[in-house]
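The values are calculated or read from the model by the stated rules, or taken from the named source; none is laboratory data. This is a predicted model, so every value here is computed, not measured. For neighbour counting, all protein chains shown are included, and Cβ atoms are generated from backbone atoms with ideal geometry for every residue, glycine included.
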Amino acid sequence: MRLGVFALLALLPAPASAAEVLLLEFLCRGEQRIPVAHVLDGDAPGHAVIWYDGAMTVLPQVPAASGIAYAEPGYGLIWREKGVEGHLARALPGGAEEDLLFDCRLAG
């Protein structure tokens, strides 16, 4: 399944300049795995492409107090990383968040 997920990256529109793609996989509590592709394009804000709950989601980089964060606009998914740790949440009205995947650590 991992190869299929990252093969979907080929369907994304190509950036105007050459972008670097960093493929990572995190292992979360409950033995759940989440593949994450970081798309870095020079000085432009980056994106993360994640595969969660049967769907590929492109998340633009957003400001983070610590580490790095990517989030869908509005009430969508939020992926955060700090060092080798990751966390997936869903934004809720009023600024609250619902934890979806936590205690994630870089696999391998």
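Given (1) within 15 Å of residue 106 (Cα to Cα); (2) modelled with pLDDT of 95 or more, where does residue 59 come up short, assuming only one miss?
In the conditions (1) within 15 Å of residue 106 (Cα to Cα); (2) modelled with pLDDT of 95 or more, residue 59 misses (1) alone.
What tally of residues in the stretch 54-69 results from selecting those that are without any contact (Cβ under 8 Å) to a residue 24 or more places away in the chain and in contact with a strand residue (DSSP E or B) (Cβ under 8 Å, 6 or more places away or on another chain)?
11
Pick out the one residue from 85, 31 that is within 17 Å of residue 102 (Cβ to Cβ), at pLDDT below 95 and surrounded by fewer than 20 Cβ atoms within 10 Å (Cβ to Cβ).
31
Under 7 Å between Cβ atoms, at least 6 apart or on separate chains: pull out the pairs that start in the stretch 82-108 with a residue that is at positive phi and end on any residue that is part of a strand (DSSP E or B) and surrounded by 12 or more Cβ atoms within 10 Å (Cβ to Cβ).
103/28
Suppose we keep only residues that are touching an Asp or Glu at 6+ places or on another chain (Cβ under 9 Å) and farther than 21 Å from residue 102 by Cα within the stretch 18-28. Which one would you say is surrounded by the fewest Cβ atoms within 10 Å (Cβ to Cβ)?
18
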